[in-house]
1. To one decimal place, what orientation-averaged projected area in nm² is obtained for the convex hull of the Cα set of the range 39-128?
2. Select from 121, 20, 201 the residue whose mean-square fluctuation is largest in a Gaussian network model of the chain (Cα-Cα springs shorter than 10 Å).
3. Please build a GNM for the chain, connecting alpha carbons under 10 Å apart, and tell me which residue among 156, 111, 130 fluctuates the most.
4. Suppose R0 equals 41 Å; then what is the FRET efficiency for residue 193 and residue 62 from their Cβ-Cβ distance, rounded to the nearest 0.05?
5. Place the peptides 80-89, 98-107 in order of packing, highest mean first, counting for every residue the other Cβ atoms within 10 Å and averaging per peptide.
6. Give me the one-decimal nm value for the distance between modelled label points at residue 72 and residue 160, 7 Å along each residue's Cα-to-Cβ direction.
7. Can you order the peptides 216-224, 37-45 by their average number of other Cβ atoms within 10 Å per residue, highest first?
8. Who wins for biggest fluctuation among 30, 195, 163 in a Gaussian network model of the chain, springs between alpha carbons below 10 Å?
């Protein structure tokens with residue numbers, strides 16, 4: 001009868017020791033798992049911060065390059081418009097047909113907006129001559145459909161503006177007309193010529209096209225680093 005309490009005590013001690021061991025193992029396991037998760041989170045955060053730092057360095061480098069490019073552009077523009085004679089041999093400050101600074105001449109040659117009425121007026125002025133008669137200048141005013149292009153893009157391309165011109169004059173004056181089109185500062189591509197009549201009274205229909213180039217859209221982009 002005296003052995004049973006002793007046995008019970010040992011069993012209780014063993015049970016207590018087992019419970020303590022389970023608690024210690026559970027605590028060690030928790031600490032190990034927590035450490036692994038924390039280490040993974042820290043490594044992930046470190047990698048993220050490294051990517052952020054890399055992108056910031058790229059942005060700073062690009063910003064410095066842009067600032068330098070702006071200064072070079074300003075210098076180039078001033079050199080372009082400050083010449084004593086424009087590319088047509090005219091006076092940069094004058095008001096004649098060949099006058100105006102080079103920047104204005106470039107915009108006249110390749111405007112950034114679609115404007116068919118302005119083109120018709122320009123052609124009428126360009127082709128004005130006592131040697132022949134302009135019967136008509138026609139085309140399609142496609143301003144509504146071209147408004148999407150006029151919003152600008154990062155890499156704009158020239159857009160066609162087709163038109164037709166009908167002229168009456170002598171054969172010699174028709175040669176002058178073609179030479180005038182070729183000498184225009186605005187690029188004009190003649191696609192078809194239709195001649196009718198005689199050498200003294202000739203009717204010519206010209207199918208041609210010119211161009212405009214929408215403005216280049218400069219945007220500041222944002223990037224999400226993941």
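1. Details: hull surface 38.9 nm².
Spelled out: convex hull of the Cα atoms, projected over all directions, averaged, 9.7 nm².
2. Among 121, 20, 201, the largest mean-square fluctuation in the Gaussian network model of the chain belongs to 20.
3. Checking each option, the largest mean-square fluctuation is seen for 130.
4. Working: r = 51 Å, r/R0 = 1.23.
Computed FRET efficiency for residue 193 and residue 62 comes out at 0.20.
5. Values: 80-89: 12.8, 98-107: 15.9.
Peptide ranking by packing, descending: 98-107, 80-89.
6. Taking the simple label geometry, residue 72 and residue 160 are separated by 3.6 nm.
7. Numbers: 216-224: 7.2, 37-45: 10.0.
For the peptides 216-224, 37-45, the packing ranking is 37-45, 216-224.
8. The residue with the greatest mean-square fluctuation here is 30.
Every number in this text was worked out from the coordinates using simple rules, so none of it is lab data. Quantities reported herein were computed from a predicted structural model and do not represent experimental measurements. Note that we place each Cβ from the backbone using ideal geometry, even for glycine, and neighbour counts take in every protein chain shown.
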